[in-house]
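Below is one structure, written out as structure tokens, with a few remarks after it.
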Amino acid sequence: MSGSDDPWGKWRKPEAVAPKAEAKPVAGAPDGSADAGERETRATPAVDREKKPKTKSADAAPARARRPAPEVVAPVVEEKPVDPTGTLSVRRSVPREWGKLPLRGGSSLRKPSVPKAAPVERVASSEPKSAWARKTDRPGRPERAARPASAPKVAVVREGPTPEGVRLSKVMSERGMCSRREADLWIERGWVFVNGEQVSELGTRIVDPQSSEITVTQDAKKDQAKAVTILLHKPVGYVSGQPEPDCVPAVTLITAENQAPNSIGPEFKPWMLRGLAPAGRLDIDSTGLLVLTSDGRVAKRLIGEDSDAEKEYLVRVSGELIKGGLDLLRHGLELDGKPLKPAWIKQLNEDQLHFILKEGKKRQIRRMCELVGLHVIGLKRVRIGRIRLGDLPMGQWRFLRPDEAF
């Protein structure tokens with residue numbers, strides 16, 4: 001094919017001159033030479049040498065360019081990962097339902113199927129509907145099933161013989177050895193002996209409490225010796241018991257800085273606050289003597305059910321006393337549906353009264369005065385039992401001395 005007959009000639013690059021190939025002898029020639037037509041040539045460029053098949057002669061090869069042979073690409077086979085032996089893994093081949101995660105052991109948590117409640121038929125009513133009822137009447141909202149009425153509670157009566165005897169902790173409390181709470185603690189620790197026999201089980205009863213001999217170990221006596229009783233002159237603005245919102249408990253005043261200078265007793269230690277509780281209330285608007293103790297015997301003496309310790313108060317009042325009001329204050333009033341115990345009351349002047357009570361209900365004096373036309377504007381407690389407030393400065397405290405008792 002000539003150059004004019006080749007339509008791609010003007011765009012094809014000129015071919016490189018192929019180097020002369022060395023002639024190889026052909027079998028049958030005596031001198032080892034070969035004709036030109038029977039010689040093998042290597043006119044193929046170096047880049048096509050590996051892909052183009054060999055030809056018998058350079059003249060036999062066509063002058064047009066030869067396309068490279070297409071490359072054969074082997075198909076890619078995705079290999080599945082194989083779990084190593086002896087390890088744990090999640091099996092991807094197992095389909096997992098939405099919301100059911102596998103638990104330990106391969107099981108899943110399934111909620112028991114609950115049958116749907118039957119729709120409740122609504123009965124038309126002539127009464128006007130509330131805002132909530134009108135809101136629930138919107139179309140498309142499912143009806144709510146009515147809640148079943150709860151069954152009435154039935155008191156369970158246990159049949160059986162009544163246990164004999166009296167609780168050991170109660171007997172110890174009545175004898176003044178300790179409080180019932182301390183007695184239970186000592187019994188649990190094995191510090192109590194009845195007629196020489198150790199008792200360590202809570203709830204133990206004594207058949208003959210009058211003649212039984214009850215003793216405690218030295219550990220119980222040492223534990224009781226750690227109990228302290230503190231006398232505080234509480235100012236106005238502090239609560240005696242559990243703190244209410246925006247209120248400060250009176251126990252926060254028991255610090256080494258607030259101890260009275262002439263106080264007689266041991267050196268104050270922070271551990272003494274452990275178990276310290278007020279033995280008797282004193283209102284936030286009242287001031288005077290407040291007893292805080294960790295000794296169960298003192299608490300029982302002051303606030304026990306059978307306590308007869310006197311509490312003395314100085315009360316400043318305003319208003320006009322009704323006729324016979326002073327006699328009513330002494331005896332004849334009742335609070336919370338229960339009559340009050342007789343009280344000793346004296347009028348010191350027009351606006352001051354002197355109270356001596358043997359009980360301590362919540363805000364008792366203030367409520368008593370309101371029943372006879374008076375309003376309390378100031379209240380100060382000056383004595384509890386045989387212990388007086390004396391000259392203890394306001395906001396300071398002291399220990400109960402060994403020679404003092406309520």
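Where residues in the stretch 233-250 are of a type in the set (A, V, I, L, M) and touching a Ser or Thr at 6+ places or on another chain (Cβ under 9 Å), which of them is surrounded by the fewest Cβ atoms within 10 Å (Cβ to Cβ)?
Result: Val236.
Residues checked against (1) in contact with a Phe, Trp or Tyr (Cβ under 6 Å, 6 or more places away or on another chain); (2) assigned to a strand (DSSP E or B):
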{"position": "Ile356", "(1), (2)": "yes, yes"}
{"position": "Val376", "(1), (2)": "no, yes"}
{"position": "Leu392", "(1), (2)": "no, no"}
{"position": "Gly395", "(1), (2)": "no, no"}
{"position": "Asp403", "(1), (2)": "no, no"}
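Which residue pairs have Cβ atoms closer than 7 Å, lie 6 or more positions apart in sequence or on different chains, and pair a first residue in the stretch 200-225 that is open to solvent by 30 Å² or more (accessible area, probe 1.4 Å) with a second residue that is among the aromatic types (Phe, Trp, Tyr) and assigned to a loop (DSSP other than H, G, I, E, B)?
Correct list of pairs: Val216/Trp191; Thr217/Trp191; Asp219/Trp191.
Please determine whether any residue of the stretch 281-299 is among the hydroxyl-bearing types (Ser, Thr, Tyr) and within 33 Å of the chain's Cα centre (by Cα).
Checked the stretch 281-299: at least one residue is among the hydroxyl-bearing types (Ser, Thr, Tyr) and within 33 Å of the chain's Cα centre (by Cα).
Considering (1) assigned to a helix (DSSP H, G or I); (2) open to solvent by 30 Å² or more (accessible area, probe 1.4 Å); (3) under 27 Å from Gly237 (Cα atoms), say which one Met368 fails and leave the rest.
Condition (2) is where Met368 drops out.
Select, from Leu314, Leu353, Leu374, the only residue that is at pLDDT 95 or above, more than 20 Å from Arg281 (Cβ to Cβ) and either open to solvent by less than 80 Å² (accessible area, probe 1.4 Å) or not hydroxyl-bearing (Ser, Thr, Tyr) (or both).
Within the list Leu314, Leu353, Leu374, the selection yields Leu374.
Looking at the stretch 265-281, which of the residues that are in contact with a helix residue (DSSP H, G or I) (Cβ under 8 Å, 6 or more places away or on another chain) and closer than 15 Å to Lys362 by Cα is least open to solvent (accessible area, probe 1.4 Å)?
Ala279
What single numbered condition from (1) in contact with a strand residue (DSSP E or B) (Cβ under 6 Å, 6 or more places away or on another chain); (2) open to solvent by 40 Å² or more (accessible area, probe 1.4 Å); (3) without any contact (Cβ under 8 Å) to a residue 40 or more places away in the chain fails to hold for Lys341?
Against the list (1) in contact with a strand residue (DSSP E or B) (Cβ under 6 Å, 6 or more places away or on another chain); (2) open to solvent by 40 Å² or more (accessible area, probe 1.4 Å); (3) without any contact (Cβ under 8 Å) to a residue 40 or more places away in the chain, Lys341 comes up short only on (1).
Counting just the residues of the stretch 285-303 that are crowded, with 16+ Cβ neighbours inside 10 Å and assigned to a loop (DSSP other than H, G, I, E, B), which one comes out modelled with the highest pLDDT?
For the stretch 285-303, the residue satisfying everything is Ser286.
Would you be able to say whether some residue in the stretch 212-227 is in a loop (DSSP other than H, G, I, E, B), farther than 20 Å from Arg381 by Cα and in contact with a strand residue (DSSP E or B) (Cβ under 6 Å, 6 or more places away or on another chain)?
Checked against the condition, which is being in a loop (DSSP other than H, G, I, E, B), farther than 20 Å from Arg381 by Cα and in contact with a strand residue (DSSP E or B) (Cβ under 6 Å, 6 or more places away or on another chain), the stretch 212-227 yields at least one hit.
From the list Gln224, Gln259, Gln218, which residue is among the polar types (S, T, N, Q) and modelled with pLDDT under 90?
From the options Gln224, Gln259, Gln218, the qualifying one is Gln224.
The values are calculated or read from the model by the stated rules, or taken from the named source; none is laboratory data. In this text, all values refer to a predicted model and were calculated from it rather than measured experimentally. Virtual Cβ from ideal backbone geometry, glycine too; neighbours counted across all protein chains shown. When the accessible area is computed, the model is the full protein with side chains, heavy atoms only, and any ligands, DNA or RNA have been set aside. Shrake-Rupley method; radii C 1.70, N 1.55, O 1.52, S 1.80 Å.
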